[in-house]
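Have a look at the structure below, then the notes.
The values are calculated or read from the model by the stated rules, or taken from the named source; none is laboratory data. Predicted model, so just to flag it, every value in this text is computed and none were measured. Methodologically, a virtual Cβ is constructed for each residue, glycine included, from the backbone with ideal geometry; neighbour enumeration extends over all protein chains shown.
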Amino acid sequence: MRAVRFRTRHGRLLASIAAAGLLLAGCGTGPSQAGAAAIVGDTRIPVTEVQSWFGQVLDKEPGLRPQLRQQGQLDELGRQLAAQLVREELVEQTARAERLVVTDQQIDDLINQMGGPQAATAGKIYTPQNIREMVRTRLLTTELGRRYFDRLSVTFDFTQATTRREAQEKAQRMAQGPDSAAALVDADVRAGIPAGKDRRLRAADSPQMAATTPLFGARPGTVLAFEPEPHSGQWLVVLVKERRTDEAPTPAAGGADDQTLQRVGTYLLGITADEVGVRLSPRYGVWDPVNLTTAPNENETTGFRLHVPATSS
């Protein structure tokens, strides 16, 4: 098991931080180890890592604390930092399994392209002290996307919903097994709802979907419910029936830019998250298994990720 250390990911503008106060005190129930912000597989991420990073961000941006306090946005900063640390650990575990490697020279080159440590972290949740780890994670995620993008395909049954509640109910019905999923799809087709069975899709043919949804980062037997366009009121509910990583490569992968490949790689971390498990301390909300991030509560996750019991297949 890798020693716990300070890990970072690519930054977000501090101005985009949304929602309320970092809870550094109190513990509640959650991960079994006391003082853990999260547990990823067998790796424990201490609350002190989140606290330390939180303090460094506020030290770097002196005017940020009163601004966030006035806007009631400190909690979201804490959740973002906890989420980043979880994703970084998922990247590390995936990189070991996939034997992905980036060099110090690659890290140096990208930092220089970003204008150096100071410029690269200005207005971001990262600091000059942890920029190298952020860049390492970014490069590894991009390489993960590059390795699989042009060889990925999924076959799935799907239907649609117009509300979160309806999407959850349909996902739960699909998770009862293939027969239940087929019956739901057939009923929705008869009702005139866009739905279908055994649809096959390649990531290289749908780079936008591969880069913005969890569809390609789920193993067979996974049910997903999510909004392809956030806040659109149009939910896609799918049962992944087959996932292949051995499709014949196509020229499309060569045309995908690094940002697209990085986003694809991030969603592919869902495979590792399912395999090893992620437990989040309730002080940082709940783990969102669809967007691989944190949410204030279960009603604010970006969707649902369920699994068909093995005995049902």
*Quick one: Asp157 ticks every box in (1) within 23 Å of Asp274 (Cβ to Cβ); (2) at pLDDT below 95; (3) acidic (Asp, Glu) except a single one, so which number is it?*
(2)
*If you go through the range 235-284 one residue at a time, how many are of a type in the set (Phe, Trp, Tyr) and assigned to a helix (DSSP H, G or I)?*
2
*In the range 118-171, what residues are assigned to a helix (DSSP H, G or I), surrounded by 19 or more Cβ atoms within 10 Å (Cβ to Cβ) and more than 21 Å from the chain's Cα centre (by Cα)?*
Ala120, Thr121, Lys170
_Candidate set from the range 24-51 (those that are surrounded by 12 or more Cβ atoms within 10 Å (Cβ to Cβ) and more than 20 Å from Arg87 (Cα to Cα)); member that is modelled with the lowest pLDDT_ = Leu24
*Can you name the condition, by its number, that Gln105 falls short on among (1) closer than 19 Å to Val286 by Cα; (2) modelled with pLDDT of 95 or more; (3) of a type outside the set (A, V, I, L, M, F, W, C)?*
(1)
*Within the range 200-221, is even one residue over 18 Å from the mean Cα position of the chain (by Cα), modelled with pLDDT under 95, farther than 16 Å from Phe149 by Cβ and surrounded by fewer than 20 Cβ atoms within 10 Å (Cβ to Cβ)?*
no
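Would you pick out the residues in the range 241-269 that are β-branched (Val, Ile, Thr) and over 18 Å from the mean Cα position of the chain (by Cα)? Quick ask: steps written out before the conclusion?
Taking the range 241-269 and keeping what is β-branched (Val, Ile, Thr), we get 245, 250, 260, 264, 266.
The answer is Thr245, Thr250.
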*Is there any pair with a first residue in the range 95-109 that is within 10 Å of Leu140 (Cα to Cα) and a second that is modelled with pLDDT of 95 or more and acidic (Asp, Glu) whose Cβ atoms are under 8 Å apart and which are 6 or more apart or on different chains, and what are they?*
Leu100/Glu143; Val102/Glu143
*Would you mind stating whether Val102 is part of a helix (DSSP H, G or I) and either more than 19 Å from the chain's Cα centre (by Cα) or on the phi < 0 side of the Ramachandran plot (or both)?*
no
*Does Ile125 count as free of Cβ contacts under 8 Å to residues at least 40 places away in the same chain and in contact with a helix residue (DSSP H, G or I) (Cβ under 8 Å, 6 or more places away or on another chain)?*
no
_Can you list residue pairs whose Cβ atoms sit under 7 Å apart, with the first residue in the range 268-289 being under 17 Å from Gly221 (Cα atoms) and the second being modelled with pLDDT of 95 or more and part of a strand (DSSP E or B)? Count only pairs 6 or more apart in sequence or on different chains._
Val276/Val40; Pro289/Arg305
